[in-house]
Amino acid sequence: MALIVQKFGGTSVGNTDRIKNVARRVAEYRARGDKLVVVVSAMSGVTDGLIKLAKDITPLPSEREMDMLLATGEQQTIALTAIALHARDIPAVSMTGAQAGIVTDGVHTKAKIRNITPKQVHGFLNEGNVVIVAGFQGQTADGEITTLGRGGSDLTAIALAAALKADLCQIYTDVDGVYTADPRIVPDARKLDEIAYDEMLELAGAGAKVMQLRSVEFAKKFGVVFEVRSSLNDNPGTIVKEETRSMEDVVIRGVSLDKNQAKLTVVGIPDQPGRAARIFRSLGDATINVDMIVQSASHGAANASRATDISFTVDKPDLLKARKVLDALKPDLSFRDILTEDDIGKVSIVGVGMRSHTGIAGRMFEILGTQGINIDMISTSEIKISVVVQLAQGEQAVRALHQAFIS
Ligand code: ADP
Ligand code: ASP
Ligand code: MG
C-alpha cells in the first residue's frame, strides 16, 4: 500500500466531465489499496476570470483582497471533486490549504510555505478517506489567507508529498509530460522520459509553465522525485529527479519561451556608486522579482554628470507596480526617464550538457541572426542561455532553435 499525492491542473478539472474523469482515475488507484491525497487547481480560466473582475474595478487591487478572491477558485474544485468521488461511493473529504496545515509567510499573491503540519490530513486518511486539498493557497500563522504565485498548485502537491513522505508524487496535466519545447509552439517537440531538477528549474524559470518554478526548487531541495503526466491518457510521463551522469550526453535538453516578461529602462542615472543598489533594493522591498539586468556603457563627460541607463525585466503583472516604485525614486536618484515595454519575449536554451561544450552561445546567436531576429538582452547561467527578442518573433525563434539544436 502506497501513499500517493496526485495533482490535477486547471484543464484536467476544467468541467464536470473532467472532474468525473479525475474521480475515475483516483478510484483506480484506490482499488489497489493506495492512500491518496489529491491536490486540485481552479477550473481552467477561473483564476484569470477572477483577476479580470478585480482589474475591471482598479488596475492595482489590494494584494490581500486578491488572495481572498483567488482562493475561492480552488475551493470550488475541491468540493466538486469530493462530490464526484462520493458519487462513486468513495469516502472523500475536501480541505482548504489552511485546513491541510499549510502555513506561509505573509507576502500576499506570492507567499512562501513556512511549514506544513498535515495532522488533519493524516487523520482523514487513516479513517479511509481520499483527501482532496485546494492547491495554490495557504494561511499565515495569524490566519490570513495567502496564495503561492501563479501555477502554485504544483507547489502545494510537491510540498505535501515532502511533508507526508509520500511514496509517489504525480502531476497530472494536459500534455503527456515535459517536452523539448512547448508542444503548442513546436509540433515536433519530443516528450522527455526524464529530466534533471536543474534543467527543469531553468526551463520553468524560462517560461515553460508546465511546472511552476518554485515547486521545482522545493522538489530539488527536499529530493521529491515526481512524474509529470497526462490526465487524459495512460501514457508514461516524465520523471523529474536528481541529475545522472548520462544526462550530460545531451547538450540542449529543451527550448522555451517566456511571454510573461516586461522590460523597464531607467534612463540617465548619474553614474555613481549606490544608485543601482537603491533601485533594486526598493524593487525587492516591494517583492518584485527582477530577472535580467543590463547596464549600458555610461555616456557624457568623465565628471559628475556622467550618466548610464539600466534595463531590467520583471514579470508582466508586476510592471505597473515596478513603475510606481521607480516613479517614487525619481526625485531622489535624479534619473531622466523611465521607459517600459511589454511586447518582449525571453527565449532560452537549457541543458546540463552545456557545461562541457563551448561555442553554444555563438551558434544560438547565429541561428537567430539568420532568421532576422534581433537580440535585445542576453543572460546566461552554467546550463542556460536566454535572450530577449520582440514578442512577435518569439515563437519563430523557439522553432528555429529547436530545429537546429534538438530535432
Ligand atoms: P496545469 O493547468 O495542468 O497546471 P499548465 O497550463 O500550467 O497546466 O501547464 C501545461 C502547459 O504547459 C501545456 O499545455 C503546454 O502548452 C505548456 N508547456 C510549456 N512548455 C512546455 C514543455 N517544455 N513541455 C510541456 N508543456 C509545456
Ligand atoms: N489556479 C492557480 C492559477 O491559475 C493555481 C494553479 O493553477 O496552479 O495560477
Ligand atoms: Mg500549471
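In bins 10 Å wide, starting from 0, what share of all Cα pairs of segment 267-407 does each bin hold, as a percent?
Calculated P(r), rounded to whole percents: 10, 34, 30, 21, 5, 0.
Tally up the carbon and sulfur contribution to the accessible surface of segment 171-282 as a whole percent, 1.4 Å probe, everything protein left in place.
In segment 171-282, the share of accessible area belonging to carbon and sulfur is 49 percent.
Of 55/119; 20/209; 20/384; 119/316; 209/263; 20/221, which sit over 31 Å apart, Cα to Cα? Display every interim value, and only then the final one.
Numbers: 55/119 38 Å; 20/209 25 Å; 20/384 40 Å; 119/316 38 Å; 209/263 20 Å; 20/221 34 Å.
Correct reply: 55/119; 20/384; 119/316; 20/221.
Determine the per residue accessible area of the chain with all protein chains present and a 1.4 angstrom probe, expressed in square angstrom.
44 Å²
Ranked highest first by the average count of other Cβ atoms within 10 Å around their residues, in what order do 141-147, 398-404, 153-159 fall?
Working: 141-147: 16.9, 398-404: 20.6, 153-159: 29.9.
By packing density, highest mean first, the sequence is 153-159, 398-404, 141-147.
Can you list which of the GluC sites (Glu not before Pro) found in segment 192-295 are DSSP loop residues with at most 12 other C-beta atoms within 10 Å?
Qualifying residues, ordered by number: 242.
Rounded to the nearest 5, what % of DSSP beta bridges with both residues in segment 15-162 are antiparallel?
Close to 40 percent.
Accessible area of segment 339-407 with a 1.4 Å probe: how many percent of it is carbon plus sulfur?
46 percent
For the chain, what is the mean residue ellipticity at 222 nm derived from helices alone (per DSSP H run of n ≥ 4: -39500 (n - 2.57); sum divided by total residues; nearest 500 deg cm²/dmol)?
Working: 11 runs with 139 residues, N = 407.
The helix-only estimate for the chain comes to -10500 deg cm²/dmol at 222 nm.
Just the number, please: percent antiparallel of the DSSP beta bridges in the chain, rounded to the nearest 5.
Around 60 percent antiparallel, to the nearest 5.
For segment 91-184, place one equal point scatterer on every Cα, skip the solvent, and apply the Debye formula. What is log10 of I(q)/I(0) at q = 0.11, 0.19 Å⁻¹?
Evaluating at q = 0.11, 0.19 Å⁻¹ gives log10 I(q)/I(0) of -0.35, -0.89.
Return a whole-number percent for the relative contact order of segment 160-300, with Cα pairs under 8 Å and 6 or more residues apart as the contact set. Can you show the working numbers first?
On the way: 167 pairs, mean separation 37.4, N = 141.
After rounding, I find 27 percent.
Have a look at 324, 241, 259 and tell me which one the Gaussian network model of the chain (Cα, springs below 10 Å) gives the largest fluctuation.
324
Please label the shape of segment 49-144 as rounded, prolate or oblate, based on the square roots a ≥ b ≥ c of the eigenvalues of the alpha-carbon gyration tensor (a/c under 1.5 means rounded; beyond that, a/b larger than b/c means prolate, else oblate).
Oblate, because a/c is 1.5 or more while a/b does not exceed b/c.
How about residue 259: which aspartates and glutamates have a C-alpha closer than 17 Å to its C-alpha, ignoring those fewer than 8 places off in the same chain?
48, 182, 202, 291, 315, 318, 341, 342, 343, 376, 395
The values are calculated or read from the model by the stated rules, or taken from the named source; none is laboratory data. It should be emphasised that the depicted structure is a prediction, and the values quoted were computed from it without experimental measurement. We place every Cβ from the backbone using ideal geometry, glycine too, and count neighbours over all the protein chains shown. Ligands, DNA and RNA are stripped out before the accessible areas are found, and what is left, the full protein with its side chains, is counted by its heavy atoms. Shrake-Rupley method; radii C 1.70, N 1.55, O 1.52, S 1.80 Å.
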